[in-house]
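*Asks:* The structure under discussion is supplied below as structure tokens; questions concerning it will follow.
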Amino acid sequence: MKNIRNFSIIAHIDHGKSTLSDRLIQICGGLSEREMSNQVLDSMDLERERGITIKAQSVMINYKNKKNDIFNLNFIDTPGHVDFSYEVSRSLSACEGALLVVDSTQGVEAQTLANCYTALEMNLEIIPVLNKIDLPNANPEKVSKEIEDIIGISSYNAIKCSSKTGTGIQNLIESIIMYIPSPKGKIDAPLQALIIDSWFDNYLGVVSLIRIKNGILFEKDKIQVMSTGKNYFVDQIGIFTPKKLNKKKLQCGEVGWVICGIKSITAAPVGDTLTTAQNPAKKRLSGFKKIKPQIYAGLFPVTSDQYETFKDALGKLSLNDSSLFYEPENSNALGFGFRCGFLGLLHMEIIQARLEREYSIDLISTAPTVIYEIELNNGKIIYLDSPSNFPDANQIKTIREPIVECNILVPPQFLGPVIKLCVEKRGFQTNMIYHAHQVSLKYNIPMNEVVLNFFDELKSVSSGYASLEYDFKHFQSVKIAKIDILINSEKVDALTILAYYKNASYRAREIVNKMKELIPRHQFDIAIQATINNSIVARSTIKQLRKNVLSKCYGGDISRKKKLLQKQKDGKKRMKKIGNVNIPKTAFISILNIS
Ligand code: GDP
Ligand code: MG
């Protein structure tokens, strides 16, 4: 055990995490660049052919130091979407140390901070890695000071390196061995293995990535999932090198994978503890904070014949993504679909793109909404995830909205516009600290304002320099108005949104204008109205179309006529018929961009 080192690599996006991983594999695998690409790719092709998902979040490599001692270096990549900090914290829980990679041409950014604090909370040893020193504008000294100044950790053991050229990587490995502690735990104690991640493989069933905290796990053991008490026989165990390699046992301190005939990832939940059925451990390991979806939106197939395909696809996607929530939803405008819960807008975009690309489902999404905590006059508290279920105003005692704490890092010359933006978003400043080259700002801002286009606006007012990281803080009371949209007097429930009361009439007008712009002319007039608490606050009319498109095709130009008709038909496919009005897909999501 004393020759094992378990560590994660954490960084702000694009600072070089993946490149560093590749370089470590290359150096320790003792493979040449060509062999490495051949070998790694070969095994991937094979796995791809057999349809096996590759999710090598953990890689074990061997390193021989100058004294010929062999070390097992285990690095655990951030599983899944890199942007989700809870995923980072899962990886970290399997480690004793973390490499904090900072791009020395960029410096510390918001995600660097957030990930580093997560590692510090878990008492991990941190080695700052000043990456990209091969670039002419690299300034590792400045970045090293920033680490001390902004993050507040010592950078005495920082390593300067280039993951691209390999400079300094040898030093880095020596530092990993020197500074990161070897794992603790008792090899003769009952087995306790923490499930770091589980995913579904079409051929193998559920594969779980585990860290053995105590004891030994043998192939063919009978194991127990501690939260459910259910027993399973172990089919296979092993490690990733990054190829999937079978082993006879995994022992205290090691990280590896296990397959034991579990059919659903919900039966091997992330954060759970595995033990042996023969000699079970007394206690579960402390798991992870349960994550809940932060935003909700309705997803509806454009044509109703895709409903079953859609339902199956959601089922399949959720097999590998326990944070994806869905339940059936029925809309008078859009028909049958699902209300889905996501961790954030990026998560929503990824899921929607996968549904459309991998399953060829044409989808309409309604505007995403946060969860409101509503206290009714009868004392009941409800958590509202769909604007169309908003209770009658006279039933409501208080509405509370989710507030997030935003940590923003920005160079001082952009401070003014960033503060102005935060104020516009109803932000409340809780802290501001000046560092040498950056200012760190803390704001409490309603989540509703942050999930819309705050990030893009922040980037735009700071010429791309500000970085943002945020976390749910608490619910806080707020005045909210419900805006309904009526098209030819018919309420379109999928266009209903909730807005801060002061912005409500402005937003209602903007939505009406947007609809006028997006809905094409028809053979009849179309009236668009917006109401707040059932009184009309905005209206507009789309005048009827006079010209017949076919009138231009005089004579017998059949093929041209056909083409035009086909074009119209294709156009209609991207529309949703509501009453007798065709509304384009884009209209439903467009209300997102009105702020
Ligand atoms: P990640 O998002 O943290 O995984 O970052 P990547 O490893 O994907 O790197 C982002 C970009 O930086 C890629 O274009 C890399 O080629 C580049 N990069 C990473 N490390 C270095 C380095 O040491 N030197 C230079 N010049 N480029 C690097
Ligand atoms: Mg990467």
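*Asks:* Could you work out how far helix 307-319 tilts from the main Cα principal axis of the chain, as a 0 to 90 degree angle to the nearest 10?
*Replies:* Orientation of helix 307-319: about 20 degrees from the principal axis.
*Asks:* Separate question: Quick one, what does Rg over Rh come out to for segment 273-387 if you take C-alpha atoms and the Kirkwood Rh?
*Replies:* 1.11
*Asks:* Rounded to the nearest 500 deg cm²/dmol, what is the calculated helix-only ellipticity per residue at 222 nm for the chain, with -39500 (n - 2.57) per DSSP H run of length n ≥ 4?
*Replies:* About -8000 deg cm²/dmol.
*Asks:* Taking the Cβ of F300 as the center, what net charge do the other residues with Cβ under 9 Å away carry, scoring Lys and Arg +1 and Asp and Glu -1?
*Replies:* The answer is 0.
*Asks:* Taking the dipole about the Cα centre of the chain, with the C-beta of Lys and Arg at +1 and of Asp and Glu at -1, give me whichever of L486, L452, I4 is farthest to the positive side.
*Replies:* Most positive-ward Cα: L486.
*Asks:* Right, something else. Using a Cα-Cα cut-off of under 26 Å, which lysines could be cross-linked to K160, ignoring same-chain neighbours fewer than 8 residues away?
*Replies:* Qualifying lysines at Cα under 26 Å: K17, K64, K66, K67, K132, K142, K145.
*Asks:* Another question about this same structure. Which of rounded, prolate, oblate describes segment 459-531, given a ≥ b ≥ c as roots of the alpha-carbon gyration tensor eigenvalues and a/c under 1.5 marking rounded, otherwise prolate only if a/b is larger than b/c?
*Replies:* oblate
*Asks:* Right, here's the next one. Straight-line reach from K562: which lysines have a Cα under 18 Å away, not including same-chain ones fewer than 8 places off?
*Replies:* Within the straight-line limit of under 18 Å, K562 reaches these lysines: K547, K552, K572, K573.
*Asks:* List every residue whose amide H lies under 5 Å from the amide H of V302, counting only residues 5 or more places away in sequence or on a different chain, with H placed 1.01 Å from N in the peptide plane.
*Replies:* Placed amide hydrogens put D362, L363, I364 under 5 Å from V302.
*Asks:* Suppose each label sits 7 Å from its Cα in the direction of the beta carbon; what would the M1-D456 distance come out to in nanometres?
*Replies:* A separation of 5.2 nm, rounded to one decimal place.
*Asks:* Still on this structure: Pairs K263/K292; K425/K514; K186/K248; K425/K473; K491/K543; K316/K380: which are spaced more than 26 Å apart, C-alpha to C-alpha?
*Replies:* Over 26 Å apart, Cα to Cα: K316/K380.
*Asks:* Could you give the angle, 0 to 90 degrees to the nearest 10, between helix 17-29's Cα long axis and the longest principal axis of the Cα atoms of the chain?
*Replies:* 30 degrees
*Asks:* Taking a ≥ b ≥ c as the square roots of the Cα gyration tensor eigenvalues, with a/c under 1.5 meaning rounded and otherwise prolate when a/b beats b/c, else oblate, which class fits segment 332-475?
*Replies:* Oblate.
*Asks:* Could I ask something else about it? Express the accessible area of the chain per residue in Å², computed with a 1.4 Å probe while the remaining protein chains stay in the model.
*Replies:* 48 Å²
*Asks:* Give me the percent of Cα-Cα pairs in segment 157-225 that sit more than 19 Å apart, rounded to a whole number.
*Replies:* 59 percent
*Asks:* Could I ask something else about it? Carbon and sulfur atoms: what percent of the 1.4 Å accessible area of segment 412-538 do they account for?
*Replies:* After summing per-atom areas, the C and S share lands at 49 percent.
*Asks:* So who's got an amide H within less than 5 Å of the one on A538, skipping anything under 5 residues away but keeping other chains? H placed 1.01 Å off N, in plane.
*Replies:* Close amide H contacts, sequence-distant or interchain: A530.
*Asks:* Longest span of the chain, sites excluded, free of chymotrypsin sites (Phe, Trp or Tyr not before Pro) in DSSP loop with at most 16 other C-beta atoms within 10 Å?
*Replies:* 360-523
*Asks:* Quick one: which residues, 5+ away or cross-chain, put their amide H under 5 Å from the amide H of Q236? H built at 1.01 Å from N.
*Replies:* The list, which skips near neighbours in sequence, is I259.
*Asks:* Continuing with the same structure: Could you look at segment 321-384 and say what percent of its accessible area is carbon and sulfur, using a 1.4 Å probe and all protein chains?
*Replies:* In segment 321-384, the share of accessible area belonging to carbon and sulfur is 50 percent.
*Asks:* For segment 149-269, what % of the accessible area comes from carbon and sulfur atoms, probe 1.4 Å?
*Replies:* With neighbouring chains kept in place, the figure for segment 149-269 is 52 percent.
*Asks:* How much length is gained on full extension from E517 to E121, taking 0.36 nm per residue of separation minus their Cα-Cα distance?
*Replies:* 137.5 nm
*Asks:* What distance in nm separates the simple spin-label points at N157 and Y179, each placed 7 Å from Cα in the Cβ direction?
*Replies:* Going by the 7 Å Cα→Cβ label model, 0.5 nm.
*Asks:* Turning to a different aspect of this structure: Decide, for the chain, between rounded, prolate and oblate: order the square roots of the alpha carbon gyration tensor eigenvalues as a ≥ b ≥ c, take rounded if a/c falls under 1.5, and otherwise choose prolate if a/b is larger than b/c, else oblate.
*Replies:* Note, shape of the chain comes out prolate.
*Asks:* Still on this structure: Taking the Cβ of E96 as the centre, find all other residues whose Cβ is under 13 Å away and add up their charges (Lys, Arg: +1; Asp, Glu: -1).
*Replies:* +3
*Asks:* Follow-up. What's the local net charge at K184, with K and R +1, D and E -1, over the other residues with C-beta under 11 Å away?
*Replies:* +2
The values are calculated or read from the model by the stated rules, or taken from the named source; none is laboratory data. Just so you know, these numbers come straight off a predicted model, no measurement behind them. A quick note on method: Cβ atoms are made from the backbone with ideal geometry, for glycine too, and the neighbour counts reach across all protein chains shown. Areas reflect the complete protein model, heavy atoms only, side chains present, ligands, DNA and RNA absent. Shrake-Rupley method; radii C 1.70, N 1.55, O 1.52, S 1.80 Å.
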